[in-house]
Every structure is written in structure tokens, then in C-alpha cells.
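To start, the structure itself, in C-alpha cells.
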Ligand code: SPD
């Protein structure tokens with residue numbers, strides 16, 4: 001290319017009018033158009049005009065995508081501007097044509113900053129904003145202002161990252177990425193949701209494993225020997241379960257081998273137990289696996305899935321939990337990540353209700369913990385017991401204390417165990433309504 005950038009000016013005609021007037025759909029399409037072309041999205045801002053029309057910009061590391069729509073004319077004017085050779089704006093064009101159902105369109109491409117008009121020797125070393133020390137070989141080291149955002153239509157959690165994308169794969173299930181965040185270390189994201197970060201993953205992984213392992217051990221006098229983990233491809237949950245010497249086997253069923261591969265490569269402190277001989281890793285569908293599991297097989301089932309979209313959707317159904325109950329031995333425990341009372345209140349309540357129908361009201365317990373990199377920061381677990389004991393009053397507190405000290409756990413301890421089951425009044429009301 002004999003230019004600094006490529007600019008495609010697009011006219012999309014005969015578009016779907018409802019899509020053109022839906023700010024969320026237009027924004028999602030523009031962001032996905034950027035991503036699918038290989039661009040790194042820094043930020044996006046979109047606005048709906050009354051009564052009709054949407055305007056917005058997606059800022060990408062390689063420049064920007066901009067749009068204005070006229071739904072009443074079924075028309076959108078779109079600018080796709082990319083610098084460098086790594087992103088092909090025509091890929092975004094093709095994606096948007098489909099997303100807007102445009103049956104007539106036209107586009108022209110312009111070279112911007114043609115090297116015919118830029119004089120050789122005009123380039124100067126400009127000191128960028130936020131630049132760190134100048135290195136004669138590398139130039140200025142730039143702190144880029146790139147953000148990853150985990151959001152729904154109304155709320156979001158954003159983490160700044162260096163711009164380094166260490167792993168990025170889309171497959172039939174989802175998009176798996178490992179990004180290098182500034183404050184939380186490397187992080188695993190699936191479909192634009194944070195799954196775990198190096199700095200705070202221990203909150204989630206200790207809490208999804210130890211309250212249930214300890215409750216089982218206290219009530220039955222023996223370690224959970226046969227454990228099943230559904231999901232959990234990063235390996236954090238099996239890492240915690242493998243701390244128990246009495247464990248005989250932990251079977252982990254993860255649908256997406258890319259998650260395991262990405263985490264083994266880039267998050268070895270989380271994915272460190274995959275070679276443990278007690279770990280039986282199955283790449284497959286956890287929902288089907290549980291449906292076909294023989295009755296009375298497991299002491300503990302841990303559901304460490306993603307949010308209920310994509311392949312994790314079936315992990316939030318009565319059928320799935322009925323199959324889990326069947327696969328549990330007597331006195332066995334099921335524990336599942338339960339979403340957030342603040343961010344996903346409807347799913348949080350629905351899952352609790354569903355488990356109460358399957359296991360009975362008395363045997364379902366909700367735990368809360370701090371998930372600093374999940375939207376809202378307040379996250380839940382739902383525990384269901386196929387037996388008659390209580391996970392708090394029947395806890396052998398001294399044993400839990402000894403265990404957490406011996407393993408130098410960073411979140412779970414014997415006092416936190418009971419505290420996690422104590423719910424704020426508004427959460428109690430949500431669950432009892
Ligand atoms: N919104 C995030 C919910 C993710 C739950 N699973 C995380 C996987 C960590 N092992």
C-alpha cells in the first residue's frame with residue numbers, strides 16, 4: 001500500500017429499518033465488524049436520535065469505524081478507516097452488509113496519506129502522550145489506552161490492557177482471548193466476558209471448591225473422592241480440588257479445547273494441574289455427559305460454566321440439574337456459579353428457584369463473594385445438597401481452618417465459610433419473593 005491508511009466510504013441502501021433504529025444492534029454490529037476484520041477495539045460510543053437514527057464511532061487501534069443511519073430511508077452512511085496492513089476494511093464491509101440486510105450498496109475506497117504527496121524525510125519522532133523513556137532503537141515506549149469491556153445493555157466493567165492480545169481464536173462455540181491487563185495481569189475472556197484474571201482468580205476458584213469440599217468432609221467424615229467439574233477449562237477449579245489428598249479422581253468435562261490450550265500456554269499458574277494423574281480431562285459436552293452419567297457416581301459436582309449465553313445456556317435448566325442430582329451419590333453436593341444478584345438478577349433468582357424445585361428448598365444455599373473483575377463485583381454460588389446436613393452448622397471449623405492455613409489460601413478460611421452464606425437483606429428478599 002502506498003498510503004498511510006485506507007478509507008472506504010459506504011452507502012448501505014434498502015437496509016432493515018428496525019435494525020437501523022436499534023442503537024444496541026447497530027453498535028454490536030459495528031464492533032463485531034471491526035473484530036471480525038482483525039481490528040483491536042479500543043472503545044465505542046453510540047447515540048440514538050429521536051425519533052429516528054443512530055450515530056456512533058468504534059475507535060480501533062488501527063483507526064475507526066463510523067456510522068449514521070436514517071431508518072426512515074432504510075439507509076446508512078458508513079466510514080471504515082484503517083491504518084497499516086493488518087486489517088482489511090472490506091471484511092467489515094461484507095459483515096455489515098449482512099448485518100443490516102442491505103440489498104443495494106455502493107462503496108469507494110480512498111488511500112489516505114498517499115506516499116506520493118508525503119515527502120520522504122517528513123516523518124519526525126513525536127513524543128506521544130503517556131510515553132515512557134525514549135530508547136534509541138525502539139523509539140518511545142507507549143502506554144496505550146486500550147480497554148476491554150464486559151457489559152450488558154446498561155452496565156459494564158472495563159479493564160485497561162496493554163493492547164497485547166496473546167491468544168485470539170473463534171470457533172464453533174465462542175471467541176477465546178487472553179489479554180494482558182495493566183492492573184490484573186493476564187486474563188481469559190470468552191465472548192467479551194471476563195472469565196478470570198491472574199490477580200483475582202483465587203476469589204472465584206477457592207470459593208467454588210472449598211466451601212463444598214469442606215462441608216462434605218465435615219458432614220460425612222471423608223473427603224469427596226469422586227468429583228465432576230463441568231466447564232472450568234482454565235484449570236483453576238481442578239487446581240483447588242487437587243489440594244485434597246483423599247481425592248481419587250476429578251473428571252472435568254470442558255466443551256472447548258481452545259480454552260484449555262490457551263490457559264496452559266498463557267496462564268500456567270491457573271492451569272497447573274492438567275498433568276495430575278487424578279485429573280481426567282474430557283473435551284466434550286458437559287450437559288450430555290451428565291445426562292448419560294450413571295446414577296450415584298459423584299460426591300461433588302462443580303458447574304464452572306460461563307454466563308448463560310452460547311454453550312453455557314443449557315447449564316441453567318431444570319433438566320440439567322435433575323440429571324446432576326441423579327449422578328450425585330447420597331450426601332453429595334452440587335455447586336454452581338450463580339451469576340450476580342446485581343448484574344443478572346433475573347438469572348440469579350431463576351437458578352435458585354430451579355435448584356429448590358430439584359433439590360428442595362431447605363437443601364439449597366446461596367453464597368456470595370467478591371468478584372472484583374466481574375460486572376458489579378458481587379457474585380454468587382448456589383449449593384444444593386442431596387442429603388440432610390447443613391453446610392454451615394455442620395462444618396468442622398477447626399479442620400477448615402487448618403486446611404486453609406496449610407495451603408496458604410488467599411480468600412477462603414473458616415470464618416469466611418459461614419460469612420459467605422450470610423446474605424444481605426435485599427438478596428434474601430429477592431430469593432424469598
Ligand atoms: N461473568 C463471568 C462468569 C464466569 C464464570 N466462570 C468463570 C470461569 C473461571 N474458572
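Here, each number is a calculation from the coordinates, and none is a lab measurement. Remember, it's a predicted structure, so these values are computed and weren't measured experimentally. Counting neighbours? That spans all protein chains shown, and the Cβs are built from the backbone with ideal geometry, glycine included.
I need the shape label for the range 281-433. Rule: rounded when a/c is under 1.5, else prolate if a/b > b/c, else oblate, with a, b, c from the alpha carbon gyration tensor.
Here the range 281-433 falls in the rounded category.
Between the range 166-187 and the range 306-379, what's the alpha-carbon centroid distance in Å?
Centre-to-centre distance over Cα atoms comes out at 25 Å.
Return the distance in nm (one decimal) between the two label points of a simple spin-label model at residue 111 and residue 170, each offset 7 Å from Cα along Cα→Cβ.
2.9
To the nearest 10 degrees, how steeply does helix 23-36 sit against the main Cα axis of the chain, on a 0 to 90 scale?
80
Output the 0 to 90 degree angle, nearest 10, between the alpha-carbon long axis of helix 257-266 and the longest principal axis computed from the alpha carbons of the chain.
For 257-266 against the chain, the angle is about 80 degrees.
For residue 4 and residue 376, what is the calculated FRET efficiency with R₀ set at 56 Å and r taken between the beta-carbons, to the nearest 0.05?
That pair, residue 4 with residue 376, gives E of 0.85.
Taking 0.36 nm per intervening residue step and subtracting the Cα-Cα distance, what contour gain separates residue 393 from residue 199 on full extension?
Gain on stretching residue 393 to residue 199: 66.7 nm.
Return 216, 421 ranked ascending by Cβ neighbour count within 10 Å, so the fewest neighbours appear first.
Going from sparsest to densest Cβ surroundings: 421, 216.
Suppose each label sits 7 Å from its Cα in the direction of the beta carbon; what would the residue 265-residue 104 distance come out to in nanometres?
Here the answer is 4.6 nm between the modelled labels.
Residue separation times 0.36 nm, minus the C-alpha to C-alpha distance between residue 151 and residue 360: what's the value?
In short, 71.9 nm is gained.
Report the paramagnetic label zone for residue 118: residues of the range 68-94 whose backbone N is under 15 Å from a point 7 Å from Cα along the Cα-to-Cβ axis.
82-86
For the range 193-259 and the range 18-34, write down the distance between their C-alpha centroids in whole Å.
Spelled out, the Cα-based centre of one part sits 38 Å from the other.
Can you tell me how much longer the chain between residue 292 and residue 429 gets when fully stretched, taken as 0.36 nm per residue apart minus their C-alpha distance, in nm with one decimal?
Stretched out fully, the residue 292 to residue 429 stretch lengthens by 45.7 nm.
Can you give me the relative contact order of the range 172-299 as a percent, contacts being Cα pairs under 8 Å and 6 or more apart?
22
Classify the range 169-218: rounded, prolate or oblate, from the alpha-carbon gyration tensor (a ≥ b ≥ c, eigenvalue square roots; a/c under 1.5 rounded; otherwise prolate if a/b is larger than b/c)?
oblate
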